[in-house]
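The values are calculated or read from the model by the stated rules, or taken from the named source; none is laboratory data. No experiment lies behind these values; they were computed from the predicted model shown. Ideal geometry is used to build each Cβ from the backbone, glycine not excepted, and the neighbour counts take in all protein chains shown.
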Amino acid sequence: MSTRNDKGEESAMSEGKQSIRSVKANERTILPGPEDAPFVREEMFGNGHVWMGIVTLEPGCASPWHHHGKHETYAYMLEGEAIIEHGSGGRQRLNATADGSLHIIPPGTPHRELNPGSERNRLLVVRVGEGPPVFPLEGPPA
């Protein structure tokens, strides 16, 4: 048995309770950002405690320095490659490729993502925590 909610989303019913729902690709919400931002954030789900979406970064570009407050962040590379700079002066670098690895960014960790490739990259991102999810920074920690 299935039903539709007020947004027209279909969900399965299990013993009279909602248990499964789908968010189609064309139902994602593009989140606002700076006009000249080299990235796009597509929200798939958000409820104040969990956020899930696709983040796309243009080739040769970097996100601004930031941290995610009280949110733990899980990033899974779908396409392309990325470098996550973090640590003192941004000197630590984590290379992320679409090899099936999951990358975990602890709450409050200053970092930025770079796309060293010649193609857009796409990451599946899940954030779990409380409060605002993104805090811009002027640069890497000293």
query: What residue, among those in segment 117-130 that are in contact with a Pro (Cβ under 8 Å, 6 or more places away or on another chain) and part of a loop (DSSP other than H, G, I, E, B), is surrounded by the most Cβ atoms within 10 Å (Cβ to Cβ)?
result: Gly129
Number of the exception - Pro133 against (1) closer than 19 Å to Arg28 by Cα; (2) assigned to a strand (DSSP E or B): (2)
task: State whether the residues of segment 87-105 include one that is surrounded by fewer than 18 Cβ atoms within 10 Å (Cβ to Cβ) and touching a helix residue (DSSP H, G or I) at 6+ places or on another chain (Cβ under 6 Å).
output: no
- request: Scan segment 73-81 and give yes if some residue there is under 24 Å from Val23 (Cβ atoms), under 11 Å from the mean Cα position of the chain (by Cα) and among the small types (Gly, Ala, Ser), otherwise no.
  value: yes
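Here is a check on your reading of the model: is Trp51 surrounded by 14 or more Cβ atoms within 10 Å (Cβ to Cβ), of a type in the set (Phe, Trp, Tyr) and more than 12 Å from the chain's Cα centre (by Cα)?
Taking the combined requirement at face value, the residue does not satisfy it.
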The listed residue being part of a loop (DSSP other than H, G, I, E, B) and either touching a residue at least 12 places away in the same chain (Cβ under 8 Å) or not polar (S, T, N, Q) (or both), out of Gly53, Gly69: Gly69
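Give segment 7-37 a look and list any residue that's at pLDDT below 60 and surrounded by 10 or more Cβ atoms within 10 Å (Cβ to Cβ), or say none. Even if it seems obvious, please write down each step before you answer.
If we filter segment 7-37 for residues that are at pLDDT below 60, which is where we start, we get 7-14.
If the condition is that a residue be at pLDDT below 60 and surrounded by 10 or more Cβ atoms within 10 Å (Cβ to Cβ), then Glu9, Glu10, Ser11, Ala12, Met13, Ser14 are the ones that fit.
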